[in-house]
Amino acid sequence: MTTVMGICRSFRDRAFARFFHCFPCLSDPARRSSWGLKVTLVMLHLIFVGILFVFDGDLIEKTKKEPWYTALYLLLLLATLVQYFITSSSSPGYVVDVMRAVNETNVIYQKSSMASKQPASSQNGSLNVVIEGSQSGRNFQGCNPSSWTKLVMDMYPPGTSIRSCTCSYCNVEQPPRAKHCHDCDKCVLQFDHHCVWLGSCVGQDNHCKFWWYICEETALCLWTGILYIMYLKANISRPWWKDAIMILLLIALSISIIFLLLLLLFHSYLVLTNQTTYELVRRRRIPYLRRIPERVYPFSKGICRNLYNFCCVRSSIYSLEPLPSSQELEEKARPYTCLDILTCRCC
């Protein structure tokens, strides 16, 4: 008996080893868990939509008469799944990548003796690093190899200790708004949160993709819910168990719609005010935000510019935002007047 179990165990180990050799991306337990979540999400979409087409004969008849209606619905389903995979596979923007790009660029400019003629941006292949705010005129190319440290420290108020902005896990200097993610084990620029369903962080580089995914998912759930209600309202004799299944799925769909709508509204508010979930929820625990009043958004540049930076700036450009000065904070904290509204101060 022991020999048989040993043979079975050896055969199983060889089978797994051969499988992981063919699919090396699944050899990591974290990746297997991530792929499991992706497969689960795709299967949920196919179940909710597939049962609708299996049970609803009227929808099939409507498809024959108006194929464009069903084509649009299936196109939205496909676009939602594609957007999900694009978002989950995109990088949120890691601090170590930007630091490497800045330091490599400095070495190149040192060798070519062109440091004094370059603007305050770094280019490394397709990666651009731009310094925003009042300190954008400072030139950090051509400095010594520790120029990333100097660059980060210039973004904080004078007198800030380097230890207070150095990650104890990655041992890299974090610019403002960056945070270490314990799930990804990396520091993320403009860290928002770690999404379990995506299997990755939401940060500066993929926050826009994440918002569009939520928007498409919400629209798909609303449309599917309407089709479910139309099926249940139709006066057609059918087995009771079909109605029971559709009602249970509709309840689950309704809960998902409420959650997605709230999530979409919440992230839309964050976009308009240029905040992140981490900054909003843990504001009192972030040292450089602790003394700023609640209704003051230190990184907001106005609604229009916030939207432009969120939607229109290329994902290959990483924007590093220094902390606003006391004068800028006083200006942001100043109450709005009728003249401010007429002159579009909020924009």
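The values are calculated or read from the model by the stated rules, or taken from the named source; none is laboratory data. None of the values given here were measured: they were computed from a predicted structure. When we count neighbours, we look across all protein chains shown, and the Cβ atoms used for this are built from the backbone with ideal geometry, even at glycine. Side chains included, ligands, DNA and RNA excluded: accessible areas come from the protein's heavy atoms. Shrake-Rupley method; radii C 1.70, N 1.55, O 1.52, S 1.80 Å.
A few remarks follow.
- Extreme residue, modelled with the lowest pLDDT, among residues of the range 110-123 that are farther than 30 Å from Glu328 by Cβ and not small (Gly, Ala, Ser): Met114
- Considering the range 73-98, and only residues there that are closer than 27 Å to His182 by Cα and open to solvent by less than 10 Å² (accessible area, probe 1.4 Å), the residue that is modelled with the lowest pLDDT turns out to be Val98.
- Residue in the range 142-180 that is modelled with the lowest pLDDT, counting only those that are open to solvent by less than 50 Å² (accessible area, probe 1.4 Å) and more than 19 Å from Glu321 (Cβ to Cβ): Gly142
- The number of residues in the range 234-284 that are under 30 Å from Gln204 (Cβ atoms) and either in contact (Cβ under 8 Å) with a residue 40 or more places away in the chain or part of a helix (DSSP H, G or I) (or both) comes to 26.
- Among residues of the range 285-306 being part of a helix (DSSP H, G or I) and buried (at least 16 other Cβ atoms within 10 Å of the Cβ), the one that is modelled with the highest pLDDT is Asn306.
- Strands (runs of 3 or more DSSP E) fully within the range 146-233 that include at least 2 residues being more than 30 Å from Ser256 (Cα to Cα) and either of a type outside the set (A, V, I, L, M) or under 15 Å from the mean Cα position of the chain (by Cα) (or both): 186-188.
- When the range 186-214 is filtered for residues that are open to solvent by less than 40 Å² (accessible area, probe 1.4 Å) and hydrophobic (A, V, I, L, M, F, W, C), the ones remaining, listed by number, are Cys187, Val188, Leu189, Phe191, Cys195, Leu198, Cys201, Val202, Cys208, Phe210, Ile214.
- Among the candidates Leu260, Leu329, Leu323, Leu272, the residue that is of a type in the set (A, V, I, L, M, F, W, C), surrounded by 15 or more Cβ atoms within 10 Å (Cβ to Cβ), within 30 Å of Ser161 (Cα to Cα) and under 27 Å from the mean Cα position of the chain (by Cα) is uniquely Leu323.
- Met5 vs. criteria more than 29 Å from Ser88 (Cα to Cα) and either out of contact with any His (no Cβ under 9 Å at 6 or more places or on another chain) or at pLDDT 90 or above (or both): yes
- Test for Val296: is it among the aliphatic types (A, V, I, L, M) and touching a residue at least 24 places away in the same chain (Cβ under 8 Å): yes
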